[in-house]
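The values are calculated or read from the model by the stated rules, or taken from the named source; none is laboratory data. As the structure is a computational prediction, the values presented were derived from the model and not from experiment. Here the Cβ positions follow ideal geometry from the backbone for every residue, glycine too, while neighbour counts run over all protein chains shown. Please note that ligands, DNA and RNA were not included when accessible areas were found on the heavy atoms of the full protein model with its side chains. Shrake-Rupley method; radii C 1.70, N 1.55, O 1.52, S 1.80 Å.
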Amino acid sequence: MRPAAQAQHARNASDRRLHYVDNLRILAIMLVFVAHVCEVFNPWDEWHITNATRSRVAGEVTALVAPWLMPLVMLLSGVGAWYSLRTRSNGAYLRERTVRLLLPLTAGTIVLVSPQVYLERVLRGQFHGSYWAFLPHFFNGVYPRGNLSWHHLWFLAHLLAYAFVTLPLFRALQRPRGRRALQRAARLCTRPGGMLLLAFPLILERNLLWGILPERHMLNSDWSNHALLLVAYIYGFVLAGSPWLGRAIDLQWRGALITGMVGTAALMVGLWTDIIPDRIPPQYHATYLAFWMLYAICAWAWMVAMLGIGRRWLARETALTRYGRDAALGMYLVHQPIIVAVAFVTVPLAIGLGAKFALVFVLSAAITLILLEMFRHDGILRRSLRHPRRRVPRMTWARQ
């Protein structure tokens, strides 16, 4: 292909919206919903509301998506950051991120999280009285010893912090020298298996940080998850700015899928034999390092595989794409308090485990969808929750 034709091809590619990014985001939010329903019955975790009888199957479903699901959502957010910065000044970009993230975080903490903490305290006999009597106590201390928490909204807080912290790096990568550096890195990754080289930072941080900095979802102490999620966010930005990497994913996603499946099978064996999570070896023991290496490789392999699957089979805009593009944030905001409320009513019932799971799943899904429909028909809520419309959100990271 002649240079002029190549340039025209690149311009045409940039005019195509990446519908698979939207579709993957919608799919990821749906999986978050499923995982949170499973948490009610997870035998290896003490969630906000838990059933007395647990299910290993529910725990295994949660374990299947735990390594890669939220990092994938963060990676997709990094893709969005690339296109947002192409059309906004620094000030406009930070204002847009603050409005879109800080307002839902602040309002959601009070309106959506406080009822969850209240129901948990009532179920465990730690508070007696109405929700309105509890509400002033919501601000007493930090959860879990106290009550103040942002629960599932931690993701918004992390994403807002990353938007501010990464801005100088992202601007540097958008300059000519940064673009050339991205191109050199992309060419390295186009070699066979080269995409898995990007797992190295994840392996390093999991081995070094997890043992001494356990997960807390707090901005000032969650450094192990910061390292994982921040790297995923930066990778999303880099991938969006490097069309070469789109071709690398097209060529390598099948190998990544096999790697992810093998790694997940090994993790499942660990669960079935009770090595995970009860008998993970001491910090920095050889087996400990091997476990976290496997975890990190599995996480990145699944992210590459999901991107490849999305590029191949989820690249079309459908009615679900159009609906979910506006509703994904709303679903993320409201789904967990609904699950907690339904579980609060369901777990005391004298019915079988399967019936309880079905009841929590069906009722939570139905109420979530009903609320989203109400949001769609409310002008203020619709404008605050919908995906921002931009005249130039067209993706250069298209199929080459």
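Applying the selection to region 130-141, what residues are touching a Leu at 6+ places or on another chain (Cβ under 8 Å) and either open to solvent by less than 40 Å² (accessible area, probe 1.4 Å) or assigned to a helix (DSSP H, G or I) (or both)? Lay out the reasoning, then the answer.
Going through region 130-141, the residues touching a Leu at 6+ places or on another chain (Cβ under 8 Å) turn out to be 138-141.
Those that are touching a Leu at 6+ places or on another chain (Cβ under 8 Å) and either open to solvent by less than 40 Å² (accessible area, probe 1.4 Å) or assigned to a helix (DSSP H, G or I) (or both): Phe138, Phe139.
Going residue by residue through region 13-24, is there one that turns out to be loosely packed, with under 15 Cβ neighbours inside 10 Å, out of contact with any Asp or Glu (no Cβ under 8 Å at 6 or more places or on another chain), modelled with pLDDT under 95 and not in a helix (DSSP H, G or I)?
Within region 13-24 (the criterion being loosely packed, with under 15 Cβ neighbours inside 10 Å, out of contact with any Asp or Glu (no Cβ under 8 Å at 6 or more places or on another chain), modelled with pLDDT under 95 and not in a helix (DSSP H, G or I)), the answer is yes, since at least one residue qualifies.
Considering Gln126, Gln116, which residue is touching a residue at least 40 places away in the same chain (Cβ under 8 Å) and under 30 Å from Val345 (Cα atoms)?
Among Gln126, Gln116, only Gln116 is touching a residue at least 40 places away in the same chain (Cβ under 8 Å) and under 30 Å from Val345 (Cα atoms).
Give the residues of region 327-347 that are of a type in the set (Ser, Thr, Tyr) and under 13 Å from Leu369 (Cα atoms), sorted by residue number.
Tyr332
Yes/no matrix, rows are residues, columns are (1) touching a His at 6+ places or on another chain (Cβ under 9 Å); (2) of a type in the set (Ser, Thr, Tyr); (3) in a loop (DSSP other than H, G, I, E, B); (4) open to solvent by 60 Å² or more (accessible area, probe 1.4 Å):
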| position | (1), (2), (3), (4) |
| --- | --- |
| Ile275 | no, no, yes, yes |
| Tyr295 | no, yes, no, no |
| Met306 | no, no, no, no |
| Arg312 | no, no, no, yes |
| Tyr332 | yes, yes, no, no |
| Ile339 | yes, no, no, no |
| Val345 | no, no, no, yes |
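Looking at Pro71 and the list (1) under 19 Å from the mean Cα position of the chain (by Cα); (2) free of Cβ contacts under 8 Å to residues at least 60 places away in the same chain, which single condition is not satisfied?
If we test Pro71 against (1) under 19 Å from the mean Cα position of the chain (by Cα); (2) free of Cβ contacts under 8 Å to residues at least 60 places away in the same chain, just (2) comes out false.
Can you find even one residue in region 265-286 that is under 27 Å from Gly59 (Cα atoms), among the small types (Gly, Ala, Ser) and either free of Cβ contacts under 8 Å to residues at least 12 places away in the same chain or in contact with a Gly (Cβ under 6 Å, 6 or more places away or on another chain) (or both)?
Taking every residue of region 265-286 in turn, at least one turns out to be under 27 Å from Gly59 (Cα atoms), among the small types (Gly, Ala, Ser) and either free of Cβ contacts under 8 Å to residues at least 12 places away in the same chain or in contact with a Gly (Cβ under 6 Å, 6 or more places away or on another chain) (or both).
Surrounded by 16 or more Cβ atoms within 10 Å (Cβ to Cβ) and outside any helix (DSSP H, G or I): does that describe Phe127?
Numbers: surrounded by 16 or more Cβ atoms within 10 Å (Cβ to Cβ): yes; outside any helix (DSSP H, G or I): yes.
It is true that Phe127 is surrounded by 16 or more Cβ atoms within 10 Å (Cβ to Cβ) and outside any helix (DSSP H, G or I).
State whether the residues of region 44-58 include one that is open to solvent by 50 Å² or more (accessible area, probe 1.4 Å), of a type in the set (Val, Ile, Thr) and not in a helix (DSSP H, G or I).
There is at least one residue in region 44-58 that is open to solvent by 50 Å² or more (accessible area, probe 1.4 Å), of a type in the set (Val, Ile, Thr) and not in a helix (DSSP H, G or I).
Among Leu182, Leu228, Leu159, Leu169, which is modelled with pLDDT of 90 or more, open to solvent by less than 30 Å² (accessible area, probe 1.4 Å) and aliphatic (A, V, I, L, M)?
Unique residue meeting the criteria: Leu159.
So, Glu317, is that one surrounded by fewer than 16 Cβ atoms within 10 Å (Cβ to Cβ), of a type in the set (Asp, Glu), modelled with pLDDT under 95 and not in a loop (DSSP other than H, G, I, E, B) or not?
No.
Kindly provide the set of residues from region 234-264 that are open to solvent by 50 Å² or more (accessible area, probe 1.4 Å) and modelled with pLDDT of 90 or more, ordered by number. Write out each step before concluding.
We begin by selecting, within region 234-264, every residue open to solvent by 50 Å² or more (accessible area, probe 1.4 Å); these are 244, 247, 251, 254, 258, 261-262.
Residues satisfying the conditions are Leu251, Arg254, Ile258, Met261, Val262.
Being charged (D, E, K, R), free of Cβ contacts under 8 Å to residues at least 24 places away in the same chain and open to solvent by 60 Å² or more (accessible area, probe 1.4 Å) is the requirement here; does Arg145 meet it?
Yes; evaluated as a whole, the condition is true for this residue.
Return only the number of the condition from (1) of a type in the set (A, V, I, L, M, F, W, C); (2) assigned to a helix (DSSP H, G or I); (3) free of Cβ contacts under 8 Å to residues at least 60 places away in the same chain that Ala301 does not satisfy.
The single condition Ala301 does not satisfy is (3).
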